[in-house]
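Shown next, in structure tokens, is the structure this report addresses.
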Amino acid sequence: MLEVYNISWRNTAKAAVALGYFDGVHIAHQSLISQMCAYAQDNNLEKAVFTFTKSVTLGHKGKDILTPASKLEIMRNMGIDLYYSPDFLDFSSLTPEEFVQKILVESMGAQAVFCGENFFFGKNRRGNVQVLKELCSEYNIEFIQAETVCLDGKVVSSTAIRNALSEGNMEKARAMLGRPYGVNFPVVHGKKIGRTIGTPTINQLYPANMCSPKPGVYITCTTVDGIKYPSATGLTNRPTVNGTGYTCETFILGFEGDLYHRNVQVDFHAFLFEARKFDSLQQLGDMIYSSAVKAKEYLTEKGIIG
């Protein structure tokens, strides 16, 4: 069972620790974490991750790909035992030496540490991979630097995923993430225009700290109570109804029910077309419905839905 802690908790066992922000938990992150888990298994250690949340904007970090809850759930599914996720401000003032001593040694009981080549830590990011390697040696901690993961000759990174999303290239984003890009935000009340034209939508709002794909209409798959439904999602400012705010609106084909205030998973599979203004609400409704039908055909062909 995965247990979640902050840096004040003391682990009484010994652990192998994967270090990183792990935004997206993409295939390079998964490779590093899997390597840590295998080492922990072979050496009878707890499988631990040290990451963090951000209550302040960090200039060296882009907007988030995953919510903290989604990141935690992915880690849970990877078999992590201990998950440390303090706020950045709780440890950012520590020197590299203090970080290793107070967090890795005293709090986490680290016997082995895993990180990527671009890992920085300590106050003002003064610690890098070489510094960490030297400090681990002082404390007799095994240090393992994970290999860089490439896809089609390009390094897999959170920045590359953000770039793919900004281009509407969901296939490329999926390849790097190892799963479809998706959102899991609460459903909120909208203007309820969709229900008047036969295509009721669920409305989800992007938090300010979350990156979002290129505006337009997408083939999506929406999961409700474990059932996958074909859907079409518009990321627009609703030009047909003179909207002003950026919204994520999804029409779920074949679903009827009330999803207000529930967190709903919407996975993006393919970009259909850019946002456009229609001459009438009926044309808008026809577009939404036909897009959902295309989604059903696409998702069925790909074996994503039955």
Practice problem: Straight distance only, please: which aspartates and glutamates reach the Cα of Lys277 with their own Cα at less than 15 Å, same-chain residues fewer than 8 apart left out? | Solution: Asp286
Exercise. Give me the angle, in degrees from 0 to 90, between the Cα long axis of helix 27-42 and the longest principal axis of the Cα atoms of the chain, rounded to the nearest 10.
Key: 40 degrees
Quiz item: Taking R0 as 51 Å, what's the FRET efficiency between Thr159 and Lys191 from their Cβ-Cβ distance, rounded to 0.05?
Solution: 0.90
Quiz item: Could you give the longest part of the chain that holds none of the GluC sites (Glu not before Pro) found in DSSP loops with at most 13 neighbouring Cβ atoms within 10 Å?
Solution: 1-116
Quiz item: chymotrypsin sites (Phe, Trp or Tyr not before Pro) within the range 115-207: which are DSSP loop residues with at most 15 other Cβ atoms inside 10 Å?
Solution: Phe120, Tyr139
Quiz item: Which of the trypsin sites (Lys or Arg not before Pro) found in the range 105-156 are loop residues per DSSP with 13 or fewer other Cβ atoms within 10 Å of their Cβ?
Solution: Arg126
Quiz item: Gain in length, Asp90 to Asn44, computed as 0.36 nm per residue apart minus the alpha-carbon separation, to one decimal in nm?
Solution: 13.6 nm
Practice problem: For Glu142, enumerate residues with amide H under 5 Å from its amide H, sequence gap 5+ or separate chain, H modeled in the peptide plane. | Solution: Ala112, Val113
Quiz item: Which three semi-axes in whole Å describe the equivalent ellipsoid of the range 182-301, each the square root of 5 times a Cα gyration tensor eigenvalue, listed largest first?
Solution: 19, 17, 15
Quiz item: Among Arg162, Arg179, which comes first, then next, by fewest other beta-carbon atoms within 10 Å?
Solution: Arg179, Arg162
Self-check item: Loop-resident sites, the range 29-61, for trypsin sites (Lys or Arg not before Pro), counting at most 13 other Cβ within 10 Å (DSSP)
Solution: none
Quiz prompt | Taking the chain and dividing mean pair separation by its residue count, relative contact order in percent (alpha carbons under 8 Å, at least six apart) | solution = 16 percent
Practice problem: Round to a whole angstrom and tell me the spacing of the C-alpha centers of the range 76-120 and the range 268-306. | Solution: 44 Å
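A short reminder: the numbers here are calculations on the coordinates, not readings from a lab. On a predicted model such as this, the values are computed, not experimentally measured, just so you know. Cβ: placed from backbone, ideal geometry, glycine included. Neighbour counts: every protein chain shown.
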